[in-house]
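Novice: The structure follows.
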Amino acid sequence: MKSKIKFRLLAAFMTVCMLLTLTACGNTSKSTSSTEDTKTDTGSGDLITVGFSQVGAESDWRTANTESMKSTFSEENGYELIFDDAQQKQENQIAAIRNFIQQEVDYIVLAPVTETGWDTVLQEAKDAGVPVIIVDRMVNVSDDSLYTAWVGSNFELEGKKAAAWLYAYLQAAGKGEEPVNIVDIQGTIGASAQIGRTAGLEAAVSEHSNWTLLAKVSGEFTQAKGQEVMESLLKQYGDQIDVVYCENDNEAFGAIDAIEAAGYKVGADGDMIVMSFDSTNAGLTETLNGKIICNTECNPLHGPRVQEIIQTLEKGETVNKQEYVDEGIFSFDGAVSVISVDGAEYPVTKVTKEVIESRAY
């Protein structure tokens, strides 16, 4: 009797153990399935993460540049964009780059405030294995391997184009031999655009003995500062000024406001002419109105070109170290249809409403 009871107890015990084992196996299977479902649902691993440090929002051009990057590096296109506005301060950009590195982004895109002061932080990015793509302004570093590629404009060529247009325009107007007094409202000092556009003008002034550069003052690429600088220049030089060479559209808007407020007229038949760079829609509208006599393009649509570079790198292929964007030159009339710079010819487009409406910025 006792042996039967022991046998039944042993059988019951074995049955309970088997049930517990099956239950445990079932729980393990359910847990694995849940983990796999979670991984599938997020899908975040498929996105390429891009950290973009933008100079700021100082101009219409900069706004268009930012929008080009944001629309290109969207989740719909397979990217996660981490955007940082540096508010015109290099220290903010350096901090942003370090944050990008800590966040382990796949790529860093930098639109630098100025050319110098980047060696240390770019070395940190290189050590972390994060490729850096420079856009718009260039960086001046001791080792070019600190960045992977650069996309932007040939700013000195832009300045040379503008100066060549001015020379051809004055020749066409029968004023080629007359004295020409020029003031240069420069961009942010040390920025690539400022360096190149100033250099283009200075080269032309040294070439033409009847051209005089009365003054060079930074307008910091903003409308408010452009107006302030122009007011000061008018107090100092007054009607001696023939040409106002503004290094972007927003400075030109401010300069025009100052000139008109002082009682002068801008334009071909006015007291002085205003030249500009960027060729934004607002800038070309003022060119159509004749207030900006010549506007040299600086293409802000860098997003697609940067995307091409990233996709090439993703394939394990090499990319060009420098990529220039295509740019034109626009004037208020058709007096000059083509200009020549360094042996190459560039067509000049007369601004019309149709030209403005056809552009993306």
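Computed from the coordinates by the stated procedures, all read-outs in this text should not be read as laboratory data. Since this is a predicted model, take the numbers as computed values, not measurements. Using ideal geometry, Cβ is built from the backbone for each residue, glycine included, and neighbour counts are taken over all protein chains shown.
Novice: GNM, the chain, Cα, under 10 Å: largest mean-square fluctuation among ALA261, ALA199, ALA64?
Specialist: Fluctuation is largest for ALA261.
Novice: Also: Could you give the nm distance between label points at VAL338 and LYS321, where each point is 7 Å from its Cα heading toward the beta carbon?
Specialist: 3.3 nm
Novice: Given DSSP loops and a limit of at most 12 other Cβ atoms within 10 Å, what is the longest stretch of the chain that contains no such GluC sites (Glu not before Pro)?
Specialist: Counting at most 12 other Cβ atoms within 10 Å as exposed, the longest clean stretch of the chain is 178-316.
Novice: Once you keep just the Cα pairs under 8 angstrom separated by 6 or more residues, what percentage relative contact order results for the stretch 225-361?
Specialist: 18 percent
Novice: Turning to a different aspect of this structure: When a/c is below 1.5 the answer is rounded, else prolate if a/b is larger than b/c, else oblate, so apply that to the stretch 62-218 with a ≥ b ≥ c taken from the square roots of the Cα gyration tensor eigenvalues.
Specialist: Because a/c hits 1.5 or more and a/b exceeds b/c, the stretch 62-218 counts as prolate.
Novice: Starting from the stretch 267-361, pick out the trypsin sites (Lys or Arg not before Pro) whose DSSP state is loop and whose Cβ has at most 10 other Cβ atoms within 10 Å.
Specialist: LYS315
Novice: How much mean residue ellipticity at 222 nm does the chain get from its helices, if each DSSP H run of length 4 or more adds -39500 (n - 2.57) and you divide by all residues, to the nearest 500 deg cm²/dmol?
Specialist: -14500 deg cm²/dmol
Novice: What number comes out for the charge environment of LEU214, summing +1 per Lys or Arg and -1 per Asp or Glu over other residues with Cβ under 14 Å away?
Specialist: -2
Novice: Taking the alpha-carbon distance from LYS160 and a cut-off under 15 Å, which aspartates and glutamates remain once sequence neighbours fewer than 8 residues away in the same chain are dropped?
Specialist: Output for LYS160: ASP184, GLU202, GLU207, GLU247, ASP278, GLU297, GLU327, ASP342, GLU345.
Novice: Would you tally the net charge around ASP144, using a Cβ to Cβ cut-off of less than 15 Å, leaving ASP144 out, and scoring K and R as +1, D and E as -1?
Specialist: Residues near ASP144 contribute -2 overall.
Novice: Given contacts defined as C-alpha pairs under 8 Å and at least six residues apart, what's the relative contact order of the chain, whole-number percent?
Specialist: 15 percent
Novice: Need one number: nm distance between label points at ARG98 and PHE83, each 7 Å from Cα along Cα→Cβ, rounded to one decimal.
Specialist: The answer from the label model is 2.5 nm.
Novice: If you compute Cα Rg over 2.2 N^0.38 Å for the structure shown, which of [x] 1.26; [y] 1.47; [z] 1.21 do you land on?
Specialist: Computed from the coordinates, Cα Rg over 2.2 N^0.38 Å corresponds to [y].
Novice: Can you tell me, using C-alpha contacts under 8 Å and at least 6 residues apart, the relative contact order of the stretch 67-219 as a whole percent?
Specialist: After rounding, I find 18 percent.
Novice: Just to confirm the filter: which trypsin sites (Lys or Arg not before Pro) across the stretch 48-119 are DSSP coil and have at most 16 other Cβ within 10 angstrom of their Cβ?
Specialist: Those satisfying the criteria are LYS89.
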